[in-house]
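Structure first, then comments.
The values are calculated or read from the model by the stated rules, or taken from the named source; none is laboratory data. Worth saying up front: this structure is predicted, and the values here are computed from it rather than measured. Methodologically, a virtual Cβ is constructed for each residue, glycine included, from the backbone with ideal geometry; neighbour enumeration extends over all protein chains shown.
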Amino acid sequence: MMLPHAITLPADASFGMWRDHARALLQSNSPPECVEWRIRSAQDDLFAESDPLPEATPTSHKTVQRGCVRLLQRILCHTSPDRFALAYRVLWRTMHQAGLIRAATDPDIAAANHMAHQIRRDVHDMKSYVRFREKKIPDRNERHFVSWFEPDHHILEIVAPFFAGRFTDMNWLILTPKGSIARNGTDCIITREPCARETIEDETEQLWYTYYRSIFNPARIKLKTMRSQMPRKFWKNLPETELIPEMLVSAQRWKVQ
Amino acid sequence: MKRTFSQRLAILSDAAKYDASCASSGTEKRTSKSGGKGLGSTESSGICHAFTPDGRCVSLLKILMTNFCIYDCAYCINRIFSGVERARFSAEDIVWLTLEFYRRNYIEGLFLSSGIIRSSDYTMEELVRVARTLRLDHNFRGYIHLKTIPDASPELLAEAGLYADRLSINVEMPTEQGLASYAPEKNAAGIRSAMGHIRYRMDAAREKAPSGRRPPRFAPGGQSTQMIVGADAATDQDILSSSASLYTGYQLRRVYYSAFSPIPDASVKLPLIRPPLLREHRLYQADWLFRFYGFNFQELTENRPDGMLDLEMDPKLSWALDHRDIFPVDINRADRETLFRIPGIGPRSVIALLAARKHRTIRLEDLERLKISIRKIRPFITTPDWRPTRLADRTDLRTLFKPAPAQLSLL
């Protein structure tokens, strides 16, 4: 029996880092059950590095299907510590079993699809619930906007093109605990360092509150729908949600009338 | 006394809430990267940026240019004899507000409508001016939905289609009689002919001329409409057959159903009721079955004695209980159309099932991995390890699926 081969990666390892290891493992023909994926913790000393890779055995050059690469890219954005092992297992098995990627009933594929689904939702939520506030900078022609958002997963690379394609005539900065996305002038820059929250007042937000209050129809109350679509975890960064109790009270008064 | 900007915003958005549509989907994909600097982009599936406690999403800045109106439509809060406060925004006000909201990522774009002031053409021209200013002066590439005034001139309509992603005209009432009695100034034939005109222009915009020249752009997001449910005597069957002709005859992207909300200062012609929200929900489910599941509307109501959908269960389940002879379905053998008929299975699950079936025989536990609810689907299917007790024989079948009785609220 082969000894398990240990690989240590940082907790926020990117797709590229995982891919380099996975490629080497595949070339050395190491099956998933012989690989142990570890996450580097603060206690680890610098020498807790990955084992040297076994000799590459000359194999024929294989390509990975595009659909599979796309799935692997998604699941490697996930924060689950199991993602490295799962991704390698999916990769290994699809190389040996054609068409596996479409077999949604397979436990590995089902788990991968589930992770990919959570990533899609996270990306979607970020597009929806990022809120910019204007930061007035004197003597500058371009306008500056700043946002604070808390994504569940490492999705900044996936979501950045959306913001870059949407807001091109202003400068903006999205700060998150998992890094930042910024557009200054023409470039879009992504970092992975955790950011701190920046508090900015923007008076236009008052008009947004007015709109939110007025577009609500007090004759129809569907709180469950609202909560399932806009989960509670986002509310702390969506200031208009503070108006909800007051809106419900006035809806009640409206009904009694 | 002159009202502040915020007060006018409150009045004009309050007046717009009776339009159900807030969709920002179905248009061409655009970004602001190509063709110089601009603001905005569109996604194929639309984005909701907030939800209000009525369960509706906020995707567009939905607003009226003015709520002054020369018409007297009984169901409308802005009819000429209603006592509501009136206000008006200039085209520049609306352009400014749209851009500022957009920059803060509150919205996907603008849904602009208006009461009729002076004349149909004057009103339509003002609406078009907002869209034109946004597109040409500010390079706005977000979503624009314009409510169209049915009897405005064809030139204005052509220009509206040039800038807007979606155009809509509300048919308001499911039947012609309903419209005639509630909206004396509107006429059903005029509305239909305007819809036909929009459809003609959309078709023309897709065709290339023999010379290779592309015709001008026209509302790539299509057209939609809305009808009010529960204000007149129309049955669900009337409503759905009206939808069927709208979808097939005018190629509408969406028909919205709006449960009639009692409006403040209502006309005496109207019933004093709570909005029939559950009925509205069932109509949307039926609409969904038509658009994505291959049902036709006729099937859904033909077995209903009073022409109304069952309020106690969704129309698909209700249909299945009326057609027990086709169930249980063998999930490993049934064709695509039959899979779509099984209660508890949606289009996504059907695609996953068909793909998974090529790979292996589906057992009950596999369904769980496909995120299909076994509890809902079990009475209607067979798998190698599952066969329901004979469904067709049970007479108490309805009670099995009916929701548990609940106490009524006092209010």
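Listed by position, the helices (runs of 4 or more DSSP H) contained in the stretch B:323-411 that have at least 1 residues being within 14 Å of chain A (Cβ to nearest Cβ) and either surrounded by 10 or more Cβ atoms within 10 Å (Cβ to Cβ) or at pLDDT below 90 (or both) are B:347-359, B:364-369, B:374-377. Applying the condition of being hydroxyl-bearing (Ser, Thr, Tyr) and buried (at least 21 other Cβ atoms within 10 Å of the Cβ) to the stretch B:31-56 and asking which residue is farthest from the other protein chains (Cβ to nearest Cβ) yields B:Thr42. Residue count for the stretch A:193-213 satisfying the condition of being more than 19 Å from B:Gly55 (Cα to Cα), in contact with a Leu (Cβ under 7 Å, 6 or more places away or on another chain) and facing chain B (nearest Cβ under 7 Å): 1.
Let's see how each residue does on (1) among the polar types (S, T, N, Q); (2) within 20 Å of B:Tyr18 (Cβ to Cβ):
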residue: B:Ser90; (1), (2): yes, no
residue: B:Arg103; (1), (2): no, no
residue: B:Leu127; (1), (2): no, yes
residue: B:Arg141; (1), (2): no, no
residue: B:His145; (1), (2): no, yes
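Can you name the residue in the stretch A:230-241 that is under 23 Å from B:Ile63 (Cα atoms) and surrounded by fewer than 18 Cβ atoms within 10 Å (Cβ to Cβ) and is also farthest from the other protein chains (Cβ to nearest Cβ) among such residues? Here the answer is A:Pro239. State yes or no: is A:Val69 in contact with a Cys (Cβ under 8 Å, 6 or more places away or on another chain), in a helix (DSSP H, G or I) and either buried (at least 17 other Cβ atoms within 10 Å of the Cβ) or modelled with pLDDT of 90 or more (or both)? No. Take the stretch B:296-320 and flag every residue that is without any contact (Cβ under 8 Å) to a residue 24 or more places away in the chain and closer than 13 Å to B:His281 by Cα. Matches in the stretch B:296-320: none.
Just one of the listed residues (A:Ile221, A:Ile190) is under 19 Å from B:Val58 (Cα atoms) and either touching a Leu at 6+ places or on another chain (Cβ under 8 Å) or without any contact (Cβ under 8 Å) to a residue 12 or more places away in the chain (or both), and it is A:Ile221.
Only one of the listed residues (A:Arg38, A:Arg89) is in contact with a Pro (Cβ under 7 Å, 6 or more places away or on another chain) and either at pLDDT 95 or above or more than 23 Å from A:Ile155 (Cβ to Cβ) (or both). That residue is A:Arg89.
Taking the stretch A:91-107, which residues are buried (at least 20 other Cβ atoms within 10 Å of the Cβ) and either within 10 Å of chain B (Cβ to nearest Cβ) or in contact (Cβ under 8 Å) with a residue 60 or more places away in the chain (or both)? Result: A:Leu91, A:Trp92, A:Ile101, A:Ala103, A:Ala104, A:Thr105, A:Asp106. With the requirement that a residue be of a type in the set (S, T, N, Q), buried (at least 20 other Cβ atoms within 10 Å of the Cβ) and part of a loop (DSSP other than H, G, I, E, B), what does the stretch B:280-315 give you? Scanning the stretch B:280-315 gives no hits.
A single member of B:Ser25, B:Ser59, B:Ser13 is buried (at least 18 other Cβ atoms within 10 Å of the Cβ), within 24 Å of B:Leu167 (Cβ to Cβ) and facing chain A (nearest Cβ under 7 Å), and it is B:Ser13. Could you please let me know if A:Pro194 is exposed (fewer than 15 other Cβ atoms within 10 Å of the Cβ), under 24 Å from A:Ser80 (Cβ atoms) and at pLDDT below 95? Yes: the conditions hold for A:Pro194. If you go through the stretch A:214-227 and pick out every residue that is closer than 12 Å to B:Ala50 by Cα and more than 7 Å from chain B (Cβ to nearest Cβ), you end up with 1. Restrict the check to the stretch A:196-218 and report whether at least one residue is within 16 Å of the chain's Cα centre (by Cα) and among the basic types (Lys, Arg). Looking through the stretch A:196-218, none of the residues is within 16 Å of the chain's Cα centre (by Cα) and among the basic types (Lys, Arg). You will find that of A:Ala87, A:Ala111, the residue that is touching a residue at least 60 places away in the same chain (Cβ under 8 Å) and either among the β-branched types (Val, Ile, Thr) or more than 8 Å from chain B (Cβ to nearest Cβ) (or both) is A:Ala87 and no other. Just one of the numbered conditions (1) under 28 Å from the mean Cα position of the chain (by Cα); (2) modelled with pLDDT of 85 or more is not true of A:Gln27: (1). Checking each residue of the stretch A:165-181 against the condition of being at positive phi, at pLDDT 90 or above and of a type outside the set (A, V, I, L, M, F, W, C) gives at least one match. Out of B:Phe340, B:Phe327, one residue alone is under 21 Å from B:Arg282 (Cα atoms), touching a residue at least 40 places away in the same chain (Cβ under 8 Å), aromatic (Phe, Trp, Tyr) and touching a helix residue (DSSP H, G or I) at 6+ places or on another chain (Cβ under 9 Å). It is B:Phe340. Of all residues being part of a loop (DSSP other than H, G, I, E, B) and at pLDDT 90 or above in the stretch B:252-271, which is farthest from B:Phe292 (Cα to Cα)? Just the residue, please. In this case the residue turns out to be B:Leu252. So which residues in the stretch B:187-221 are of a type outside the set (A, V, I, L, M, F, W, C), surrounded by fewer than 20 Cβ atoms within 10 Å (Cβ to Cβ) and in a loop (DSSP other than H, G, I, E, B)? If the condition is that a residue be of a type outside the set (A, V, I, L, M, F, W, C), surrounded by fewer than 20 Cβ atoms within 10 Å (Cβ to Cβ) and in a loop (DSSP other than H, G, I, E, B), then B:Asn187, B:Glu207, B:Lys208, B:Pro210, B:Ser211, B:Gly212, B:Arg213, B:Arg214, B:Pro215, B:Pro216, B:Arg217, B:Pro220 are the ones that fit.
Helices (runs of 4 or more DSSP H) fully within the stretch B:82-186 that include at least 3 residues being away from chain A (no Cβ under 14 Å), surrounded by fewer than 21 Cβ atoms within 10 Å (Cβ to Cβ) and out of contact with any Phe, Trp or Tyr (no Cβ under 8 Å at 6 or more places or on another chain): B:120-132, B:154-163, B:176-182.
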